[in-house]
Structure formats: C-alpha cells, structure tokens
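Asks: Have a look at the structure that comes next, please.
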Amino acid sequence: MFDFSIVTTWFDNLLRQTLGLGDFWSILIECILVGVLILVGYAMLAIVLIFMERKVCAYFQCRLGPMRVGPWGIFQVFADVLKMLIKEIFAVDKADKLLYFVAPFLVIIASVGTFSFLPWNKGAEVLDFNVGIFLLTAVSSIGVVGIFMAGWGSNNKYGVVSAMRGAVQLISYEMSLGLCLITAVILTGTMQVSGIVEAQTGPWNWLIFQGHIPAIIAFLVFLVAGNAEANRGPFDLAEAESELTAGYHTEYSGMGFGFYYLAEYLNLFVIAGIATTVFLGGWAPVNIGIEAFDNVMDYIPGIVWFLGKTFAVVWLLMWIRWTFPRLRIDQILKLEWKYLMPLCLLNLVLMTIIVAFGWHF
C-alpha cells in the first residue's frame, strides 16, 4: 500500500530546503494548496453525486432520468450549475438580514469541515488530530445552527416550521451517531481517524468483523441516524415538499440555495465516508489471509478502496431514500428516543464488556 506521506514530505522539503522558504511561507503555501484541493474535490463529488442520485432515482422508478443534455445526460448537472450561478440573489423584505445571509455559510462551512476529516489514503489525512472523532462530530453539529437560522431569519411560516423540525431531528439523531462512534472508539482504543483505519488493516479486520454483533449493530444504527442527519428520505421532514414547499430554504435563490443543495449531497458522502472509515476499513484493502490474493489487493491504491466502499454505502442510502415513504415527525422522534437511543446505550455496554474480557478478534 502506497504511503502518501512520502509525497507530502517531499513537497515540504522542496519548499523549506530546496527553495529556502521559511516556516511561515511554507505552511501558508501548503495550507492554500490543501484548501484548493479540498474545494475542488468537494465540487467534483457534488456533481457526481447529483448525477448519480438522478440516475438511481430513475432506475427505481423504471425510467431513464436525464438523457438530453450530453450523452446519457452527463452535462445536465453542469447546465443546472450554470443556471444557478446566473440566478438573481434577492433578500426577503421582512427577513432578519444577518441570520438570512449568514445561515448558508454556516451550513457549507460545517459540510466542508467534516469533509476535511475523511482519510483518502494512507498518509493522506488532511485533519488528523488525536481527538479527530470528537472534533468531527463537533464541526458537523454547526450545520444545525445554519438550518435553524435559515428558517427563522427568512420570516416565512413554512421556513420556521421546517427549522423547528430540522433542529429537533438533527439534535436528536446526533445522540445515536455519537454513541455509535464511541462504540468504535472503545473497540479500537483511539479517537484518531488514521489510528482507527490502521486498527482495521489485516485479514478480516474491519470493525464489523472484529467487534462481533455490537459492531454490526453500531454500523446499521449509524446508517439510519446518518440518513436522518443528512436530511435524506425517509427522514426529510424539514424539506417535505408536499407540506412546506422547500422548507427552510424556501426564500433562497441563486448560490444561497446552491449552498444548501451542495451541502445536502456532500453530507450524504460524508456520512458514507465516516461509515467506511470507522466500520469498513477506510482505505485499507480487502485481505482474507491468502497471501497471493492479499498481495494483489495491496497493489490497488488506497483512494480507490476508500471511494469504492464509500460509493457503495452512498448507493445503499439512495436505495433506502427511494424505497421507503416519508415518516411523520412524531414517528421520527419515537424511533430515535424509544428505540435507537436505548439500543445504542445497551450496545455500548456490550462492546465495553467484550473489549474488557478480550472477546473481540
């Protein structure tokens, strides 16, 4: 498995030793380059995910989806982006201007921040703190504030109802998400993202295999809670078009609406990426203990493994969205507080017992 830290170390030495730049300029150039790479990757993945969503939706509804703009409709997303960029950005007369304009930026900042924690390859982690899982959940929770501010600041009755629903739903399901991640932290013994992936290298060493039934339960609950956190169906009560037009972003146009649209799809990718990182080995290849097979798998780059696993989870979440009907708000809260939350607490205790007695693989 190629270690990407070789490239980053070479580039750092190039700036500091070969070009003779000091610490300040070297770090500044590296940060700008990493920021540009994150934003480019963010935009490219958004385009892929929007096109994938339309085709998967069409498949489940027995139709073709976009087919007119370019071969197989691949340029339809670019046409939509162009249309969104040239739309007029207006402000509602009686809106709270500060909340109205700041809200989209909070949502996109939370989305890009959590996106930056994903480990793409060995040695290619952008943010890799020793408390990475804790910081990841903290940064992701900023999006709740942006959603609430958007609905409240728009001074729209549909937006206010949507904001209340969104805030209650997201805050509730963050509990289950956090408990599922703590279950994985107990099993691996670290909160560092790279450490969690390193703990899953080796034959049959993914957490869903290491941790027996508690790890599988945590993985499944994480997918359900993650779907709710991303405001995806059947948990899309905050954007229920049949009830609330467009929900909390009803009064937004142009790139104000575009930020919410981007964040929704990238949050889907982030949830799938975290599930892949924590439970499915991240960039670690599939090893089964047969030397010849494992050697071949090790030649496949880690980023290919990570993207392959992540898009498989994305497809599963899209399948769920276009299969199940939308739940009511009372059903969503009942599912979390009466079923998922007690199950996660019980599962956490069970995982602690398994680790304490060394019953895991």
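Asks: Only Lys, Arg, Asp and Glu count, each charged at its Cβ (+1, +1, -1, -1), so figure out the dipole size of the chain about its Cα centre, rounded to 20 debye.
Replies: Using Cβ point charges on Lys, Arg, Asp and Glu, the chain gives about 960 debye.
Asks: What Rg and what Dmax come out for the chain when only alpha-carbon atoms are used, in angstroms?
Replies: That works out to 21.5, 68 Å for Rg and Dmax.
Asks: For q values of 0.15 Å⁻¹, compute log₁₀ I(q)/I(0) with the Debye formula on a Cα-only model of the range 204-361, without solvent.
Replies: Relative scattering, expressed as log10 I(q)/I(0), comes to -0.93.
Asks: Report, to the nearest whole %, how much of the accessible area of the chain belongs to carbon and sulfur atoms, 1.4 Å probe, protein only.
Replies: Carbon and sulfur together cover 73 percent of it.
Asks: Also, quick follow-up: So what is the accessible area of the range 73-209 per residue, in Å², with the probe set to 1.4 Å?
Replies: 46 Å²
Asks: Subtract the Cα-Cα distance of ALA312 and ILE213 from 0.36 nm times their separation in residues, and report this length gain in nm to one decimal.
Replies: Length difference between fully extended and current span is 33.5 nm.
Asks: I need the shape label for the range 1-131. Rule: rounded when a/c is under 1.5, else prolate if a/b > b/c, else oblate, with a, b, c from the alpha carbon gyration tensor.
Replies: Because a/c hits 1.5 or more and a/b fails to exceed b/c, the range 1-131 counts as oblate.
Asks: Could you provide, to the nearest whole Å², the per residue accessible area of the range 248-314 with probe 1.4 Å?
Replies: Result: 33 Å² per residue.
Asks: Compute the distance in nm between two label points, each set 7 Å from the Cα along the Cα-to-Cβ direction, one at THR245 and one at PHE105.
Replies: Label at THR245, label at PHE105, 2.5 nm between them.
Asks: Beyond a 30 Å Cα-Cα separation, which of these cross-linked pairs lie in this structure: LYS87/LYS157; LYS94/LYS334; LYS55/LYS338; LYS55/LYS309; LYS94/LYS338; LYS55/LYS83?
Replies: In this structure, LYS94/LYS334; LYS55/LYS338; LYS94/LYS338 lie more than 30 Å apart at Cα.
Asks: In the Gaussian network model of the chain, springs joining C-alpha atoms below 10 Å, which of PRO301, PRO285, PRO104 carries the largest mean-square fluctuation?
Replies: Maximum fluctuation in the GNM of the chain, among the listed residues, is at PRO301.
Asks: Modelling each spin label as a point 7 Å along the Cα-to-Cβ direction, I'd like the ALA292/PHE324 distance in nm, to one decimal.
Replies: Each label point lies 7 Å from its Cα, and together they span 4.4 nm.
Asks: So how exposed is VAL313, as accessible area in Å² (1.4 Å probe, rounded to 10)?
Replies: 10 Å²
Asks: Calculate, in nm to one decimal, what PHE60 and TRP72 gain on full extension: separation in residues at 0.36 nm each, minus their alpha carbon distance.
Replies: 2.6 nm
Asks: Can you list which of the DSSP-assigned H helices in the chain have a Cα extent of 18 Å or more along the long axis and an average Kyte-Doolittle score of at least 0.0?
Replies: Those that pass (Cα extent of 18 Å or more, hydropathy at least 0.0) are 23-60, 97-115, 157-188, 212-229, 254-279, 302-321, 341-356.
Asks: For the range 1-61, what is the accessible area per residue in Å² when the probe is 1.4 Å?
Replies: Computed with neighbouring chains in place, this is 64 Å² per residue.
Asks: Continuing with the same structure: For the range 271-316, what is the convex hull volume of its Cα atoms per residue in Å³?
Replies: 64 Å³
Asks: Additional query: With the crude spin-label approximation of a point 7 Å out along Cα→Cβ, what separation in nm comes out for SER5 versus THR201?
Replies: Inter-label distance under the simple model: 1.0 nm.
Asks: List the chymotrypsin sites (Phe, Trp or Tyr not before Pro) within the range 12-114 that fall in a DSSP loop (any state other than H, G, I, E or B) and whose Cβ has at most 16 other Cβ atoms within 10 Å.
Replies: For chymotrypsin sites (Phe, Trp or Tyr not before Pro) across the range 12-114 that sit outside H, G, I, E and B with at most 16 neighbouring Cβ atoms in 10 Å, the list reads PHE75, PHE90.
Asks: Another question about this same structure. Which of these, LYS83, LYS334, LYS55, has the largest mean-square fluctuation under a Gaussian network model of the chain (Cα springs below 10 Å)?
Replies: Among LYS83, LYS334, LYS55, the largest GNM mean-square fluctuation belongs to LYS83.
The values are calculated or read from the model by the stated rules, or taken from the named source; none is laboratory data. These numbers come from a predicted model, not from an experiment. Here the Cβ is made from the backbone with ideal geometry for all residues, glycine too, and neighbour counts use every protein chain on show. Ligands, DNA and RNA are stripped out before the accessible areas are found, and what is left, the full protein with its side chains, is counted by its heavy atoms. Shrake-Rupley method; radii C 1.70, N 1.55, O 1.52, S 1.80 Å.
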